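The block underneath contains the structure these notes are about, expressed in structure tokens.
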Amino acid sequence: MYTDKEAMKVVTDEMEYIPAYTNFSADSISDPTSKEIFNYLSEGNVVPWMHNQYPDGYSQTQFYPEFQISKQRYFLG
């Protein structure tokens with residue numbers, strides 16, 4: 001869907017998605033807001049997702065136990 005010319009047109013024109021791949025150009029985006037966001041992202045003016053920076057297993061050992069306790073309290077009253 002992201003390599004075929006016709007499919008790329010569907011992605012930008014009909015679905016009005018902001019393309020996440022580099023094989024698109026800003027000229028192919030018809031929506032002005034999407035075009036501006038695409039240009040902004042393409043220039044590297046973003047901060048990376050921080051939740052991807054946690055070590056392996058962090059969410060299971062840090063967040064999950066607290067969630068389980070909260071869930072038990074909720075269901076048990």
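Structure values in brief
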| read-out | value |
| --- | --- |
| Accessible surface, the chain, averaged per residue in Å² (probe 1.4 Å) | 87 Å² |
| Rounded percent of accessible protein surface that carbon and sulfur make up, the chain, 1.4 Å probe | 55 percent |
| Most to least packed among 11-18, 61-68 [average Cβ atoms within 10 Å] | 11-18, 61-68 |
| Helical contribution to [θ] at 222 nm, DSSP H n ≥ 4, -39,500 (n - 2.57), averaged over the chain, rounded to 500 | -11000 deg cm²/dmol |
| Reference-scaled alpha-carbon Rg (2.2 N^0.38 Å with N residues) for the chain | 1.76 |
| Extended-chain gain in nm, criterion 0.36 nm per residue less alpha-carbon gap, S25 and E43 | 5.2 nm |
| Viscosity 1.306 mPa s, temperature 10 °C, Stokes-Einstein D of the stretch 1-45 from Kirkwood C-alpha radius, µm²/s | 153 µm²/s |
| Burial ranking of peptide ranges 41-47, 27-33 (average Cβ count within 10 Å, highest at the top) | 27-33, 41-47 |
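The values are calculated or read from the model by the stated rules, or taken from the named source; none is laboratory data. In this text, all values refer to a predicted model and were calculated from it rather than measured experimentally. Cβ sites come from the backbone with ideal geometry, for glycine too, and all protein chains shown count toward neighbours. For accessibility, only protein heavy atoms count, side chains too; no ligands or nucleic acids. Shrake-Rupley method; radii C 1.70, N 1.55, O 1.52, S 1.80 Å.
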